[in-house]
Amino acid sequence: MNFLRRRLSDSSFVANLPNGYMMDLQGSDSSTSSPVSPATERKQQQSSSSSSSSATSIFSSISNVVKQTTQAAAGLVEQSGSPAPSVVHKPKILLVIDDAHTDWAKYFHGKKVNGDYEIRVEQADFSDLNLAAYVSGGCMVDMQVMRNGTKVVRSFKPDFVLIRQHAYSMTQGEDFRSIIIGFHYGGVPSVNSMFSIYNFCSKPWVFSQLIKIFQALGEEKFPLVRQAFFPTHKQMLTTPNFPIVVKLGHAHAGMGKVKVESQYDFQDITSIVAMAKTYATTEPFIDSKYDIRIQKIGSSYKAYMRTSISGNWKANTGSAMLEQIAMTERYRLWVDSCAEIFGGLDMCAVKAVHGKDGKDYIIEVMDSSMPLIGEQVEEDRQLVADLVVTKMTQLLFTGTAAPSPQKPLQVQPQPANPLMKPQPGPQPSAAQLSQPRPTPQGGPRQVPRAGAPVQPRLSPQGQQPQSPQSNSPQLQRSPSSPQQSRSPTDASPVQSSRAGTISPQQSRPPAPVQGLGTASKQKASPHPQLNNHSP
């Protein structure tokens, strides 16, 4: 019985029975068995078929995805939809040489070179730098940095350099000109240029450029202080006018400058120059009313007036009152003229002294290492940052900031005499009209001066003309054209027009020649013949 129940409960067995067969048995035993009807079976078949079809669709979708991915990788299908991610450019490295009191990274925050490249700022002193420069590899810089209280060396290749420190000082151990040479050797661009920064390592060398401007503009437009240079102490002779100011070596920022008021003090300073083994300069002391400073950062100009309060003859020493004054055309001429030295300066400042006599005296010019003064220091630093970004874009992506020199115009050489060029048309030119007209028959004829080609003499009627040279052209006769004679003198009428005074021995009347053209043909010729023709 249990076997029959299991058998009858099988849906496939019941579905294969004839219609109505064992219906009573199923009805009587419905409480004990739960046969599956054909409709239920069809639903189950449909659900199974739907599950199989869903599995097939899943497999087909997976295969389609794999196929599309393969085609996209092979470049056969264009991907449309979300745009491709933007290319991330490697940031440009800017090396700022300055002390740690100014954080230059915040002034370059958010700025980009050429609109795409971010700027990574590396800042250090000259004393923390070392480098190696190569012909084709550029410049590799080693910088000492503090990390967790320990000094470590970090290497990088700078793309641009901003120098805000003096590269050379009279202080022992502060000669960093070798670093400047290395940057210039590696071709690293900078503000200002490495060429100008190296030239600024000697104050008398810079002053010699100011002398050239003084000689070009004159004392009225460029009032330069009268300075004297001595290579060693041996040339420092007695100075007639005291007081004077003596500057030892590469003195800057108020250092190495001494005011001398007598001959005895001057001798003492001479001995100090001998001990220092350096050069020195002297200039007359100017009883100043105030100092003037004109600075130029890119295209921005500012002028300041500094008055000493402490009474020191150096206005930059002790207490002083600083105020910004109006920028005049006179001041602009000073700073623009100084900005042209050493191939051009992007940043510079001119220092002058306004004496109590009412006159101005230019005493110094500074480069990119100039200190920023006044109440607008933050604005000036921002101007420096904008200038650096502009120069980086010009030098790294467009080649160079300086305009290329124009090529001189190519002028074609002109002949010495325009009459030597054939000119079409029956009308003779004004230059041709200035030539001497043919003399009448029997009159004196002009003979070229010594050194000019000798004109062949015409022989009597019916004979060929005789030429003194073997290579002189001969007369040619043709039945259709009149007989013509042409000599080297005919080819250059200017030589005949420039002939000197005619001597009686040189003048010779020409003999008549048959076959020459008529007077009407001579008039129509664009070039008048110097030979005398007879009809």
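Taking label positions 7 Å along the Cα-Cβ direction at both ARG177 and ASP128, the computed distance is 2.6 nm, reported to one decimal.
Full extension of the chain between ILE325 and LYS157 yields a length gain of 56.3 nm, computed as 0.36 nm times the residue separation minus the alpha carbon distance.
Let a ≥ b ≥ c be the square roots of the eigenvalues of the Cα gyration tensor of the stretch 226-285; is it rounded (a/c under 1.5), or, if not, prolate (a/b larger than b/c) or oblate? Before the final figure, lay out the partial values.
Values: a/c = 1.44, a/b = 1.13, b/c = 1.28.
Here the stretch 226-285 falls in the rounded category.
Here the simple spin-label model places points 7 Å from the Cα toward Cβ, and for THR238 and ASP360 these points are separated by 3.7 nm.
Compare TRP334, TRP205 by solvent-accessible area with a 1.4 Å probe and give them largest first, with all protein chains kept in place. Present the calculation step by step, with values, prior to reporting the outcome.
Working: TRP334 0, TRP205 135 Å².
Correct descending sequence by accessible area is TRP205, TRP334.
Loop-located trypsin sites (Lys or Arg not before Pro) in the stretch 269-357 (DSSP state not H, G, I, E or B) with no more than 11 neighbouring Cβ atoms inside 10 Å: LYS277, LYS356. Between the C-alpha center of the stretch 158-209 and that of the stretch 327-345 there is a gap of 20 Å.
Residues of the stretch 335-369 falling in the label zone of LYS212, defined by backbone nitrogen less than 11 Å from a point 7 Å along Cα to beta-carbon, are 340-344. For TYR301, no residue has an amide H sitting under 5 Å from its own, ignoring neighbours fewer than 5 places away on the same chain, with H placed 1.01 Å from N.
Hey, any idea what % of the stretch 92-191's accessible area is carbon plus sulfur with a 1.4 Å probe? Please report the intermediate quantities before stating the final value.
Details: 2370 of 5290 Å².
Solvent-exposed carbon and sulfur of the stretch 92-191 make up 45 percent of the total.
For PHE156, neighbours were defined as the other residues whose beta-carbon sits under 11 Å from its Cβ, and their charges (Lys and Arg +1, Asp and Glu -1) total 0. Distance between the 7 Å Cα→Cβ label points at ARG147 and PHE229: 4.7 nm. Per residue, the solvent-accessible area of the stretch 92-191 (1.4 Å probe, heavy atoms of protein chains only, all protein chains present) comes to 53 Å².
Considering only beta bridges that DSSP places wholly inside the stretch 92-191, some 55 percent are antiparallel. Residues of the stretch 146-165 falling in the label zone of MET140, defined by backbone nitrogen less than 19 Å from a point 7 Å along Cα to beta-carbon, are 152-160.
Could you pull out the pairs from LYS203/LYS356; LYS106/LYS302; LYS151/LYS247; LYS203/LYS234; LYS111/LYS151; LYS92/LYS277 whose alpha carbons sit more than 32 Å apart here? Don't jump to the answer; show the numbers that get you there.
Values: LYS203/LYS356 26 Å; LYS106/LYS302 24 Å; LYS151/LYS247 38 Å; LYS203/LYS234 20 Å; LYS111/LYS151 30 Å; LYS92/LYS277 44 Å.
Cα-Cα > 32 Å for LYS151/LYS247; LYS92/LYS277; rest within.
Close amide H contacts of GLN123 (hydrogens built in the peptide plane, cut-off under 5 Å, sequence separation of 5 or more or a different chain): VAL96.
The values are calculated or read from the model by the stated rules, or taken from the named source; none is laboratory data. Given the structure is predicted, the values throughout are model-derived calculations rather than measurements. Here the Cβ is made from the backbone with ideal geometry for all residues, glycine too, and neighbour counts use every protein chain on show. Quick note on the areas: whole protein, heavy atoms, side chains included, nothing else; ligands and nucleic acids left out. Shrake-Rupley method; radii C 1.70, N 1.55, O 1.52, S 1.80 Å.
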